[in-house]
Every structure is written in structure tokens, then in C-alpha cells.
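Written out below as C-alpha cells is the structure these notes cover.
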Amino acid sequence: MSKGAVIAIVLALVLALAGYIAVRMYAADRSNAPLPQVGQTAPSFTLPNEENQPVSLEQYRGKWVVLYFYPKDMTSGCTLEAHRFQRDLAKYDALHAVILGVSVDTVASHKRFCARDSLTFTLLADPGMTAVRQYGSLGHFGPFTIANRNTFLINPEGRIARVWTRVNPSAHSDQVLEALKSLESET
């Protein structure tokens, strides 16, 4: 077989693989619900936390919920964002707010992340992508399915109060606290 024939075969295989990945990504994105909007009832879910205990959104009625979706445990941006939330945890507690972080990682991965980085707020495992899809936060990084970096502030009545998309992990906790203080002063 000539060198040109081998190159043509390899190129054809690469193009076929790229087409397959594109079709899978398109199909996965179509299963994504639209982002919940301000004023809407927050979609309900039950997911396991880092201790493999079920956590439901409903159990936080009467509190503010910062529901943040992030791509991957123990990566630079996700670690920075988690550290900022952890740093500000006492401020959230004072405002009667809880932090719930969600990614498509496993319970075991969340447990390692919490232990390694001394995280004391709740991380929820969504490898089945249930909540990630419900909140319009299903994304892709190359061939990998991830949660997009979106945050939903849910009021004590269970309605979406604020939505942030494509957040900056270094400044995001400050943004959420500012919005929470503003909303608290309105009530």
C-alpha cells in the first residue's frame, strides 16, 4: 500500500470519528432543557451527596439555595470557585443560604475533592445528568460531557431569583453574595 493510500485511509477514519462525535454532541445537547428563568419554580431533583446520601431540593424550602453547576472536580477553575464559596460560607450561613455544587462526577470523586480541599458544603453527583439537563447546563469539552458553569439562586419559596451563566470562578461568590444581600433587603 502506498504512503498516499495510508494517509487517505487515516484521514477518512479521523473524519468519520469527528462526524460521530459531532452527532453525539448534537444529540446530547438536544436533550438539554432551556435554562430556568427568574420567577420560575426551580426544577426538583434528588441526587447523592459526597457521602452518598440523597439530597432533594425540597429539603431546603425556607432557605436560599445557591445551586451552582461546575465542569469537573479538582480542576483549576472548579477548585478556585469551590474555595471562594468555602471562604464565604459563614456569610452565606448568616443570610440563611446553602451552597449546593453539582457536576457529572461520581460520589467517590466528590468525596476525594471535599477531603483534599477541605470543602464543607454539599457537592451533588449527577453522572446521569438529570439535574444538569433540567437546568439547561449540559455541556461538552471536546468529547467529554460536563456541566456548564451556571449558577441559580433559588429563593426560600423554591423559585429562581437569579441566573448566572459562564461565570468567572474567581469573582462569582462575591457576585452571588451581593445579589443575595440585595434580594434579602427587598423582603
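Every number in this text was worked out from the coordinates using simple rules, so none of it is lab data. Here the structure is a predicted model, which means the values were calculated and not measured. Every residue, glycine as well, gets a Cβ built from its backbone with ideal geometry; the counts of neighbours run over all protein chains shown.
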**Prompt:** Counting each DSSP H run of 4 or more residues in the chain as -39500 (n - 2.57), what helix-only mean residue ellipticity at 222 nm follows after dividing by all residues, to the nearest 500 deg cm²/dmol?
**Reply:** -13000 deg cm²/dmol
**Prompt:** Using modelled backbone amide H atoms (1.01 Å from N, in-plane), which distant-in-sequence or interchain residues come within less than 5 Å of residue 55's amide H?
**Reply:** 47, 49
**Message:** Please compute the contact order of segment 115-187 in relative form: average sequence separation of alpha-carbon pairs under 8 Å and at least six residues apart, divided by the residue count, as a percent.
**Reply:** 15
**Complete:** Computed over the Cα atoms of segment 31-186, the Rg and Dmax in Å are 14.1, 44
**Asked** What angle, in degrees between 0 and 90 and rounded to the nearest 10, separates the Cα long axis of helix 3-30 from the longest principal axis of the Cα atoms of the chain?
**Response** 30
**Fill in**
Relative to the compact-globule estimate 2.2 N^0.38 Å (N residues), the Cα gyration radius of segment 94-171 stands at a ratio of 1.16
**Prompt:** Scanning the chain for GluC sites (Glu not before Pro) in DSSP loops with at most 12 other Cβ atoms within 10 Å, what's the longest stretch left with none?
**Reply:** 52-156
**Complete:** For residue 111, the aspartates and glutamates lying under 12 Å Cα to Cα, once residues fewer than eight places off in the same chain are dropped, come out as 50, 51, 73
**Prompt:** Which far-off residues, 5 or more places away or on another chain, put their amide H under 5 Å from the one on residue 159, with H placed in the peptide plane?
**Reply:** 42
**Request:** Could you work out the longest stretch of the chain that avoids the trypsin sites (Lys or Arg not before Pro) located in DSSP loops with at most 13 other Cβ atoms within 10 Å?
**Result:** 62-165
**Request:** Would you mind telling me which residue in 33, 82, 131 has the biggest mean-square fluctuation in a Gaussian network model of the chain, where springs connect alpha carbons within a distance under 10 angstrom?
**Result:** 33
**Request:** Using only Cα atoms, find the angle between the long axis of helix 107-117 and the longest principal axis of the chain, and express it within 0 to 90 degrees, rounded to the nearest 10.
**Result:** 70
**Message:** Distance between the C-alpha centers of segment 146-187 and segment 84-126? Whole Å please.
**Reply:** 15
**Request:** Let me have the relative contact order for the chain, percent, based on Cα pairs under 8 Å that are six or more residues apart.
**Result:** 29
